[in-house]
Structure formats: C-alpha cells, structure tokens
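Following: one structure in structure tokens, then a few remarks.
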Amino acid sequence: MAAAASGVECTAMAGLRGVVVLLAAALMFAGAVLGSEERPRLLGAPVPVGENDEGLQRALQFAMAEYNKASNDKYSSRVVRVISAKRQLVSGIKYILEVEIGRTTCPKSSADLQSCEFHDEPEMAKYTTCNFVVYSIPWLNQIKLLKSTCQ
C-alpha cells in the first residue's frame, strides 16, 4: 500500500511540475509579446538602424550608384543626410531608407563622390528627398534596389 501511495505522490508532483513549467512559459511569452517600448513587438518587423551601421552604408552607396546611373543629370548626386533608416530581417536584409540628396559639382564619371562639394549657386543646387528600399543577401554577395522614389 505504501508503494501505491508513493506512486500517487510522484504523479501529483509530476503534474504540479508540468503546471509550473507551463506557467513559466506563459509568463515568458507574455513578456516577449508585451516587451518594452525600445524593442520591436513583432519578430521580423523593421527596426531603426544607426547611420554607422556597415550594412546601411553599403545599402546607401548602392542606392546612390543606382540613382545616379538612372538620372539624366550630368552631375552626380550624393546623400546630404539620412532622415530615417530601418532594417528588416526577411530572407535577407531589407533596408528602408529616407534620405535627402543633393547635386554635387562632380560629373557622373567621378569615382569618389564623398569628396565632391554640393553646388552653391541657387540655379545649380538641387536637393530632394528620396525613399529607397534595398534588399541585401550579404552571405551571397547579392544586392538589389527594390524601390526608388524621389520628390
């Protein structure tokens, strides 16, 4: 009879342990869903990225190279400032960028745009805001410009 009683106690303890484990898992899940305001609430949601991020810098250079190739302007443009930058993990990395760009004094054939000055004369100066979406798969060395709109 004592063996039967200890078997019941073991079953009760195992059941209680299971309830405690489930409760702990539920609390962890609730914490992950509610989260703090500093963390994204959804896995895979776009998150802000700092301007010094290496991947962001590559995405910006690629977007501007594509922009300058497609432009009919004889002068190259470059980024004046980053208004907003987000990164989203998908099957690669998607960069969602809003930037202000300006016309430089350098012709399109110039290789180093960062040393190019912006036009000073009002009739030559041209500043615009652009939205770029760049898709990168760094481990395959692939990059694409998915969206480019400027106003």
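The values are calculated or read from the model by the stated rules, or taken from the named source; none is laboratory data. Note that the structure is a prediction, hence the values are computed from the model and not measured. Glycine also receives a Cβ, built like all others from the backbone with ideal geometry; neighbour counts cover every protein chain displayed. The area values use the complete protein model at the heavy-atom level, side chains included, leaving out ligands, DNA and RNA. Shrake-Rupley method; radii C 1.70, N 1.55, O 1.52, S 1.80 Å.
Keeping all protein chains in place, calculate the accessible area per residue for segment 61-142 (probe 1.4 angstrom), answer in Å².
Per residue, segment 61-142 has 57 Å² of solvent-accessible surface.
Projecting each Cα onto the charge dipole of segment 49-149 (Lys/Arg +1, Asp/Glu -1 at the beta carbon, about the Cα centre), which of Cys116, Val82, Gly92 comes out farthest on the positive side?
Of Cys116, Val82, Gly92, it is Gly92.
Estimate the FRET efficiency between His119 and Leu89 by the formula 1/(1 + (r/R0)^6), using the beta-carbon distance for r and 35 Å for R0, to the nearest 0.05. Mind showing how you got there, number by number?
On the way: r = 39 Å, r/R0 = 1.10.
That pair, His119 with Leu89, gives E of 0.35.
Could you tell me the relative contact order of segment 85-128? Use alpha-carbon pairs under 8 Å, at least six residues apart, and round to a whole percent.
Numbers: 44 pairs, mean separation 14.6, N = 44.
Averaging sequence separation for qualifying contacts and normalising by length gives 33 percent for segment 85-128.
From the backbone phi of segment 103-114, what are the Karplus-calculated ³J(HN,Hα) couplings (6.51 cos²θ - 1.76 cosθ + 1.60, θ = phi - 60°) in whole Hz, Gly and Pro given as x?
Once θ is set to phi - 60°, the couplings for segment 103-114 become 6, 9, 7, 8, x, 4, 6, 5, 8, 9, 6, 5 Hz.
Sort Asp112, Asp53 by accessible area with a 1.4 Å probe, largest first.
Details: Asp112 90, Asp53 40 Å².
Ranking Asp112, Asp53 by accessible area, largest first, yields Asp112, Asp53.
For the peptides 56-66, 133-143, what is the packing order when you average, over each peptide's residues, the other Cβ atoms within 10 Å and list the highest mean first? Could you put the intermediate results ahead of the total?
Numbers: 56-66: 18.2, 133-143: 14.4.
Ranking the peptides 56-66, 133-143 by packing returns 56-66, 133-143.
On the protein heavy atoms, probe 1.4 angstrom, tell me the percent of accessible surface of segment 90-151 carried by carbon and sulfur. Intermediate values should be presented prior to the final figure.
Numbers: 1890 of 3730 Å².
Percent of accessible area from carbon and sulfur atoms in segment 90-151: 51.
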